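A.B. asks: Mind having a look at this structure? Questions to follow.
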Amino acid sequence: MKHEKINYVEFPSMDLTLTKNFFTRAFNWAFTDYGPDYTAFENEGLDGGFYRSNLNSRTENGAALIVFYSNNLETTLKKVIETGGEIVKDIFEFPGGRRFEFTEPCGNQFGVWSDL
C-alpha cells in the first residue's frame, strides 16, 4: 500500500447476489462475502466491495465514475449487455480513445474505455 493514495472503493447494492453474478459473468471477478450485507473484490485494478443499500452510484447524482479499460470495446459492450447491464451512453469518441457507460443490474454506473 502506498501512503495517502487511493486504496479501496465501495459501492452500494440493493441485491448483492445480483451484483456479484453480473461482475462474475461480465468481468470474471471473484468475491469474498463478509456476512450478509457486504462482499469484497480484489486484484481488479483497485480493490473494493459492495455493501447492501437501497441507493446506487450514478454520475447524475454526483458520484464519481469508475472507468475500466478494454482491449476490445465492442466485445466488452456485448458482454455487459448479455449479462444484464444497461448501456446508458453508447460508444463515443473522445480525445485519446472511445468509451461507453453502463449500469449494472442494481443501478451503479461505470464506464469502459479503449485507446484502440
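Any read-out appearing in this document is the output of simple, stated calculations on the displayed coordinates, not a laboratory observation. Everything numeric here is computed off the predicted structure, so don't read it as measured data. We place every Cβ from the backbone using ideal geometry, glycine too, and count neighbours over all the protein chains shown.
A.B. asks: Please compute one quarter of the surface area of the Cα convex hull for the chain and express it in square nanometres.
C.D. replies: On the way: hull surface 31.4 nm².
The Cα convex hull of the chain, projected and averaged over all directions, gives 7.9 nm².
A.B. asks: Something else now. Straight distance only, please: which lysines reach the Cα of residue 20 with their own Cα at less than 21 Å, same-chain residues fewer than 8 apart left out?
C.D. replies: 78, 79
A.B. asks: Determine the sum of side-chain charges near residue 41: Lys and Arg each +1, Asp and Glu each -1, restricted to other residues whose C-beta is under 12 angstrom from that of residue 41.
C.D. replies: On the way: positive: 20; negative: 10, 33, 42, 44, 47.
Every neighbour counted, the sum reads -4.
A.B. asks: Next up: With a cut-off of 17 Å, note down the residues of the range 1-21 whose backbone N falls inside the zone around a label point 7 Å from the Cα of residue 47 toward its beta carbon.
C.D. replies: 1-11
A.B. asks: Sticking with this structure for a sec: Can you tell me the relative contact order of the range 52-102? Whole percent, Cα pairs under 8 Å, sequence separation 6 or more. The partial results should precede the final answer.
C.D. replies: Values: 33 pairs, mean separation 11.0, N = 51.
Computed over the range 52-102, the figure is 22 percent.
A.B. asks: Using the alpha-carbon atoms, what tilt in degrees (0 to 90, nearest 10) does helix 73-82 show relative to the longest principal axis of the chain?
C.D. replies: 50
A.B. asks: Okay, moving on. Could you tally the net charge around residue 20, taking each other residue with its Cβ under 11 Å from the Cβ of residue 20, Lys/Arg +1 and Asp/Glu -1? Please list the in-between numbers first.
C.D. replies: Details: positive: 25; negative: 15, 33, 104.
Within the 11 Å Cβ shell, the charges total -2.
A.B. asks: At 222 nm, what helix-only mean residue ellipticity would the chain give, in deg cm²/dmol to the nearest 500, using -39500 (n - 2.57) for each DSSP H run of four or more?
C.D. replies: -5500 deg cm²/dmol
A.B. asks: Now for a different question. What percent do you get for the relative contact order of the chain when only Cα pairs under 8 Å and 6+ apart count?
C.D. replies: Values: 209 pairs, mean separation 30.1, N = 116.
With pairs under 8 Å counted, the relative contact order is 26 percent.
A.B. asks: Another question, then. So what's the angle, to the nearest 10 degrees on a 0 to 90 scale, between helix 16-27 and the longest Cα principal axis of the chain?
C.D. replies: On a 0 to 90 degree scale, this one is about 40.
A.B. asks: With charges only on Cβ, +1 for K and R and -1 for D and E, what is the dipole size of the chain about its Cα centre, in debye, rounded to 20?
C.D. replies: On the way: 11 positive and 17 negative charges, 21 e Å.
I would put it at about 100 debye.
A.B. asks: Give, as a single signed number, the net charge of other residues whose beta carbon lies under 11 Å from the beta carbon of residue 53, with Lys and Arg counted +1 and Asp and Glu -1.
C.D. replies: -2
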